[in-house]
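In what follows, a structure is listed as structure tokens, so that the remarks can point back to it.
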Amino acid sequence: MLSTFEVVLHAVAVIVLLPLVVQSLITGSQPPRASWFTRYYSAEKHLTLAGNIFLLAVCANALLRLGLHFGYVPSSIGAQIEPVFHIVFAITLLVFLVLLIKAALKVHRAN
């Protein structure tokens with residue numbers, strides 16, 4: 001069972017973050033213009049895509065947990081799906097971190 005705080009946190013991720021991520025993936029959002037990370041996003045062109053896919057994995061995990069909590073997803077199916085979501089989460093996190101390190105190295109070499 002999820003606590004009230006966890007339910008609110010997962011609900012915000014699904015209601016607010018999921019539409020933003022899907023819209024960003026569909027339109028091919030541009031990297032941030034006035035941010036500390038602008039140099040990194042411009043140095044590595046796939047960093048934005050990797051970040052969006054990572055956030056999509058986070059939202060999918062939140063949706064699964066809410067479905068399990070409220071009984072929309074049977075616990076037997078949830079027990080089979082949850083490890084797959086954890087693997088996808090770990091892989092997308094690893095890809096994002098590798099691309100971020102590559103971008104940081106490119107920016108460091110340019111300076």
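Each value in this text was obtained by applying a stated rule to the coordinates, not by laboratory testing. Treat the numbers as computed from the prediction; the structure is a model and nothing was measured. Every residue, glycine among them, receives a Cβ derived from its backbone with ideal geometry; neighbour counts consider all protein chains shown.
Every condition in (1) outside any helix (DSSP H, G or I); (2) among the hydroxyl-bearing types (Ser, Thr, Tyr); (3) within 15 Å of the chain's Cα centre (by Cα) holds for residue 92 except the one numbered (1). Every listed requirement among (1) free of Cβ contacts under 8 Å to residues at least 12 places away in the same chain; (2) small (Gly, Ala, Ser); (3) surrounded by fewer than 13 Cβ atoms within 10 Å (Cβ to Cβ) is met by residue 110 save one, (1).
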